[in-house]
Protein chains: 2
Amino acid sequence: MNTLLGLTQLEKRDAQDSLAAKRDAFILPPNTIYLDGNSLGAMPKVAATRAQEVLATQWSLDLIKSWNSHSWIDLPSTVGEKIARLIGATPGQVISCDSTSVNLFKVLSSAMLMQQGRSIVLSQQGNFPTDLYMVEGLANLLGEQHCQLQLVTDQSDIEAQLSKDVAVLMLTQVDFRSGRLLDMQRLTKLAHAKGILVIWDLAHSAGALPIELDACNVDFAVGCGYKYLNGGPGAPAFLYAAKRHHANLRQPLSGWMGHKTPFSFDKHYQNAPGIEQFLTGTPPILSMSVLDAALDVFADVKMSQLRQKSLGLSRCFHQLVGQHASLNELKLLTPLAEEERGSQLAYQHPNAYALCQALIKRGVIADFRAPDILRLGFTPLYLRYTDIWHAVAILADIVSSNEYLKPEYAVRHKVT
Amino acid sequence: MNTLLGLTQLEKRDAQDSLAAKRDAFILPPNTIYLDGNSLGAMPKVAATRAQEVLATQWSLDLIKSWNSHSWIDLPSTVGEKIARLIGATPGQVISCDSTSVNLFKVLSSAMLMQQGRSIVLSQQGNFPTDLYMVEGLANLLGEQHCQLQLVTDQSDIEAQLSKDVAVLMLTQVDFRSGRLLDMQRLTKLAHAKGILVIWDLAHSAGALPIELDACNVDFAVGCGYKYLNGGPGAPAFLYAAKRHHANLRQPLSGWMGHKTPFSFDKHYQNAPGIEQFLTGTPPILSMSVLDAALDVFADVKMSQLRQKSLGLSRCFHQLVGQHASLNELKLLTPLAEEERGSQLAYQHPNAYALCQALIKRGVIADFRAPDILRLGFTPLYLRYTDIWHAVAILADIVSSNEYLKPEYAVRHKVT
C-alpha cells in the first residue's frame, strides 16, 4: 500500500484477470458501473434466452406437457444441485423454492419441532430484519413458552449466549449492512457442543465466496437467488438441510410438491424422503427457469477464483478511497481482515444518502442503508478493476466539488 | 336436446360469440384443442411482450432502480386489484404472492389464532390434497389440541358438521376432480351462524365464473394464478382477506414485505395495516409481471359473459357425447344443474387413462385423474364451439375404432 494505485496498473490487472471474459456473459447498462449486484445481480444473456424459450415453446406450444417434456417438475432439484456446488453441499441436500423468508420459516419451525423443551432462537440484532420478523411470527403462533427470540448486539457476544436453553442459533453469514463475515465453522461447532441446531442465511454470501456447508457440519441454510446468483428480480430462493436430518423432519408448510408422490393425490401427507420434503406449492417456472440458466454462468468458475477477485476489487476500492483526501470523511465499517469480510464494503458518512444519489446520477449504482451507510457490492463476474478506479474517481469528484450538497439529493424518495 | 347438434350450428354460435375475438389474444399450438386450461392456462400474447420488456429493459438496463421506476414494489397490489374485480372484492382486500399452498397456510393460521378455544378445521375428503396437507402441517406444528382436521365425505354432510367446536370451514368452490360447484353464499352463512370463519379456495373458479366474495361475506380466500387466469406455469397465487378482519390479524409468515415500512429495516415487525400484511418475501417479479399482463385480457370481459360461454361449451360437449353411441360408457360425474357445476366436466370410464393418452396423441389435450376420470376444462376466452365438436368427434373415433386399446396407451408415464 505504499505506492499509489493508478489506472494503468488496474488496466493490467483486468488484462490478467482469469474471470475477465465472464463480463461478456452479461447484459450491462451503458455508461454504468454497477456496485449493487449484492441487491440485484445483473442479467446473464443465457437468462434472457431461456426465458424466451419458456415463452415461445414450453408454455405457449407444449403447454401442460412441459411438466414432463421440459422437466419443469425437476426444476427445484436441478436448480438446487447447481447451487449445492457453490455452497459446499453434496447432492440431495439443496432445493430451490419460495422466498428466503418462507424457507427460513420452514427450517426454523422444523428445527423447533426437533428441539422440544428448548425455546430460544438466538440471533443478532443486526441480522437482516426479515429473518427476525419470521421468528417473531413463529413465536406469536406457538406462544412464548415454545419459541422466543433472543438477540445479541455484537457478534462477539454470541459464544457467551450459547446455552442449553437455546434451540436454534440463526445467523446470517455476511451482514447485509456492514459486510462482516462470520466464522461459520467455529460458531456451528460451538453451538453443536451445546446441542443447538444452526441455521445460516447465505443471502449475502452464496455465489460470492466459498462456503462449505457440509464440511462445517451445518444443519440448515437458506439463501437468495437474485443477488450474487443473478437469477433475476425476486428469483426463487433456496434451502439446505443436512442429509442426517432428513428422516427426522416434519416441516409444517407441507404442500403437495413435498409429498412422496404428489400426483397420486393421496388423502394424507407423506413427506418425500429427501430434500424434496421442503417443497410446498407449484414453483414459478418462468422465474425458476431463468435462475436455472443464470447458474450456468458459474459452471466453469471456481469459488476460490471468485473470492480472490472479489477481495481484490474491494481491496482496490478501499485503497483508492485512501488516495483521495476528499474522501477522508468516509469511515469504513467493514472489517479489513479478509477472513472477516464478504463481498461488499460499507462506509459511514453523514451525507451517505446524498452521496449515494449523486453517485447514481453519475452512473455509479451504489446503495444506501439508513441512517448513514453507503454500501458497495463487488461482483467478480462482471466488474473490472478499472470500473473500481472510475467509481472512486467519480465519488471523489462528487465530494470535492460539493456536488452531493445539491438540494435534489437531500430529499428521500421511496426507497428499495 | 331433441334435435342433434351439428357442426354448422356450432359454426353459427362461434360467429355470434361475443368473446370470439379474445382467441386472438392468445398463442395456441397448431392442430390442438386445448381442454386443459384448468390445469395451465394458455399464453396471452401480452404476457410474452411483458416478459420481454422486463428482461430487455427493466432487469438488464434499469436494474435495482426498477423497484421504483417500473413499480415492481407495487406489483403484488396491482395484480391483486386486477384479480379483485374478477372475484367480487372491493379494493384493498386481494394481494398476489407466493403459492396457493403457502397462502392457505397464512390465512388458516391467522384464522386459528382468531378462534382460540376452537380446534377443528372442517373440510371435504375430496378437497384438493395440498389444502388438506397444509392443515396437517399446521396441526402437527400446533398440536392436536389446537388444530385438527375433520373431513366430510360428501358435500351434503357439511351442514350437519358445523358446530361450536369448528374454528374454520375450509372449502374449494369447484371440486378439482368432479367439477362440482358449492354454494358459497349459503355455506358461508351457515358457518357464520355458528361462529365459524370460512376460507374458500378459488383455484378452479377464479377467472371461470362470477364470484362474489364481498357479497357472500367470505372471511378469507386463496386462489391460483396459472389456471383460468392464464398467468403462466406456477404463476404467483393470490389471497383475499375481508377488510373487517385486517385490524385483528397476525399472520405468522411475517416477512419484510408485509411490514408497515419494509425499507426502514425496523428491528421489530409491525404489520402493514391493510392486505399487504399478508406479504412475506420478495416476489418473483418476472412471473408476477407476466401474470399482471395476462390479467389485462380480462379487462373488458364481464364475468357473466364468461360464465354463459363456459356453460355453453360444456353443455355442448355433453350433448355431443350423448349423440355418439360409442361414448355411452362415459359416466358423467359432474352435476348437470348449472348452479352446481364449474367450468369443467369429469367422466368416469374404465379406460380413462388410455382414452386421455389417445386424445393427447390426436391433439386433444385433456387430463386424467386417478383412478378412472377423464377431465375436460372449458376456457371461454380461447375455445370455440367448433373445437368442442371436433374434440368429441375425435373421442368417439378413438373409442369406436378401439384405438385407445393400443398397448402404448396402457403404460402410465410420470404424471402431472
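Readers should treat all values here as calculations from the given coordinates under stated rules, not as data from a laboratory. Note that the coordinates shown come from a computational prediction; the quantities given were computed from them, not determined experimentally. Methodologically, a virtual Cβ is constructed for each residue, glycine included, from the backbone with ideal geometry; neighbour enumeration extends over all protein chains shown.
Using only atoms on other chains, find how many Cβ atoms lie within 10 Å of each Cβ of peptide A:137-145 and report the average.
Details: counts 12, 4, 1, 7, 13, 5, 2, 0, 0.
Partner Cβ neighbours, averaged per residue: 5.
Give the dimensionless ratio obtained when the Cα radius of gyration of the protein assembly as shown is divided by 2.2 N^0.38 Å. Let's see the in-between values first.
On the way: Rg = 27.7 Å, N = 832, 2.2 N^0.38 = 28.3 Å.
Here the Cα radius of gyration is 0.98 times the empirical estimate.
Count the DSSP beta bridges whose two residues both fall in chain A, then state the antiparallel fraction as a percent rounded to the nearest 5. Don't skip to the answer; put the middle values down first.
Numbers: 23 of 41 bridges.
Among the beta bridges of chain A, antiparallel pairing accounts for roughly 55 percent.
Can you list the copy-to-copy distances for A:Phe263, using a point 7 angstrom from Cα toward Cβ, in nanometres, shortest first?
4.3
Could you derive backbone 3J(HN,Hα) for segment B:106-114 from the dihedral phi with the Karplus parameters 6.51, -1.76 and 1.60 (θ = phi - 60°), listing whole Hz in sequence and x where the residue is Gly or Pro?
4, 6, 5, 5, 4, 5, 5, 5, 6
Given R₀ = 45 Å, what would the calculated FRET efficiency be for A:Ala410 paired with A:Ala160, taking r from the Cβ atoms and rounding to 0.05? Don't skip to the end; give the middle numbers.
On the way: r = 42 Å, r/R0 = 0.94.
Given R0 = 45 Å and the Cβ-Cβ separation, E is 0.60.
Going by Cα centres, segment A:96-116 and segment B:136-155 are how many Å apart?
20
One decimal, nm, shortest first: give the distances between the label point of A:His192 and those of the same position in the other copies, each label point 7 Å from Cα along Cα→Cβ.
Nearest first, the other copies' label points are 5.6 nm away.
Tell me the Kirkwood hydrodynamic radius of segment B:263-416 in angstroms, computed as one over the mean inverse distance between distinct C-alpha pairs.
On the way: mean 1/r = 0.0540 Å⁻¹.
Kirkwood hydrodynamic radius for segment B:263-416: 18.5 Å.
What FRET efficiency comes out for A:Ala247 versus B:His245 if R0 is 60 angstrom and r is the Cβ-Cβ distance? Round to the nearest 0.05.
Working: r = 39 Å, r/R0 = 0.66.
Given R0 = 60 Å and the Cβ-Cβ separation, E is 0.95.
If Lys and Arg each add +1 and Asp and Glu each add -1, what is the summed charge of the other residues whose beta carbon sits under 11 Å from the beta carbon of B:Phe298?
+2
Relative contact order, percent, of segment A:62-168 when contacts are C-alpha pairs under 8 Å separated by at least 6 residues?
Working: 115 pairs, mean separation 26.9, N = 107.
This gives 25 percent for segment A:62-168.
Where a ≥ b ≥ c are the square roots of the eigenvalues of the C-alpha gyration tensor, would you call segment B:208-296 rounded, which needs a/c under 1.5, or, failing that, prolate if a/b is larger than b/c, or oblate?
Numbers: a/c = 2.85, a/b = 1.27, b/c = 2.24.
In terms of gyration-tensor shape, oblate.
How much FRET efficiency would the formula 1/(1 + (r/R0)^6) give for B:Met114 and B:Ser71, where r is the Cβ-Cβ distance and R0 is 35 Å, rounded to 0.05? Intermediate results must be reported in sequence, preceding the final value.
Details: r = 33 Å, r/R0 = 0.94.
The value I calculate is 0.60.
What does the C-alpha gyration tensor say about the overall shape of chain A? Classify as rounded when a/c is under 1.5, otherwise prolate if a/b is larger than b/c, or oblate. Let's see the in-between values first.
Working: a/c = 1.98, a/b = 1.36, b/c = 1.45.
In terms of gyration-tensor shape, oblate.
List the residues, sorted by chain then number, that are 5 or more residues from A:Gln148 or on another chain and whose placed amide H is less than 5 Å from its amide H.
For A:Gln148, whose amide H was placed from the backbone, the distant partners under 5 Å are A:Ile120, A:Val121.
If you average the alpha carbon positions of segment B:1-79 and of segment A:167-222, how far apart do those two centres end up, in angstrom?
Centre-to-centre (Cα) distance: 44 Å.
Summing Lys, Arg as +1 and Asp, Glu as -1, what charge do residues with Cβ under 12 Å from the Cβ of A:Ala160 carry, A:Ala160 excluded? Intermediate values should be presented prior to the final figure.
On the way: positive: A:Lys194; negative: A:Asp154, A:Asp157, A:Glu159.
Here the count lands on -2.
Pick out, in residue order, every one of the trypsin sites (Lys or Arg not before Pro) in segment B:327-416 that is DSSP loop and has at most 12 other C-beta atoms within 10 Å; say none if there are none. Spell out each step's value before the answer.
Numbers: sites: B:Lys331, B:Arg341, B:Lys361, B:Arg362, B:Arg369, B:Arg375, B:Arg384, B:Arg412, B:Lys414; in loops: B:Arg362, B:Arg384, B:Arg412, B:Lys414.
Taking segment B:327-416 and a limit of 12 other Cβ atoms within 10 Å, the loop trypsin sites (Lys or Arg not before Pro) found are B:Arg412, B:Lys414.
Using the basic label-point model (7 angstrom from Cα toward the beta carbon), what is the B:Asp300 to A:Thr8 distance in nanometres?
Output for this residue pair reads 6.7 nm.
Mind checking which lysines have their C-alpha under 24 Å from B:Lys65, skipping anything on the same chain fewer than 8 residues away?
Hits, sequence-local ones excluded: A:Lys22, A:Lys45, A:Lys227, A:Lys361, A:Lys406, A:Lys414, B:Lys260.
Could you tell me which trypsin sites (Lys or Arg not before Pro) in segment B:145-188 are loop residues by DSSP with no more than 14 other beta carbons within 10 angstrom of their beta carbon?
B:Lys164
Mean separation of Cα pairs under 8 Å and 6+ residues apart, divided by the residue count of chain B: what relative contact order is that in percent?
Details: 783 pairs, mean separation 91.8, N = 416.
Reported relative contact order: 22 percent.
Under 10 Å from the Cβ of A:Asn217, count the other residues' Cβ atoms, weight Lys and Arg +1, Asp and Glu -1, and hand me the total. Intermediate values should be presented prior to the final figure.
Numbers: positive: A:Lys189, A:Arg244; negative: A:Glu212, A:Asp214, A:Asp219.
Charge balance near A:Asn217 sits at -1.
Every other copy gets compared here: list the nm distances from the B:Glu339 label point (7 Å along Cα to Cβ) to its counterparts, shortest first, one decimal.
Distances between equivalent label points, in nm: 7.6.
Once the piece of chain linking A:Arg85 and A:Ala370 is laid out straight, how much longer is it, given 0.36 nm per residue of separation minus the C-alpha distance between them? Walk me through the intermediate numbers first.
On the way: separation 285, 0.36 × 285 = 102.60 nm, distance 3.46 nm.
So the chain would gain 99.1 nm between A:Arg85 and A:Ala370.
Of all trypsin sites (Lys or Arg not before Pro) in segment B:274-312, which ones are in loop regions per DSSP and have a Cβ with at most 16 other Cβ atoms within 10 Å?
Hits after loop and neighbour filter: B:Lys302.
Applying the Karplus parametrisation 6.51 cos²θ - 1.76 cosθ + 1.60 with θ = phi - 60° to the phi angles of segment B:334-349, what ³J(HN,Hα) value in whole Hz is obtained for each residue in order, glycine and proline being reported as x?
Whole-Hz 3J(HN,Hα) from phi for segment B:334-349: 6, x, 6, 4, 5, 6, 10, 10, x, 10, 9, 10, 10, 10, 8, 7.
Return the long-range amide H neighbours of B:Phe128 (sequence gap of 5 or more, or a different chain), with a cut-off of under 5 Å between placed amide H atoms.
B:Phe176
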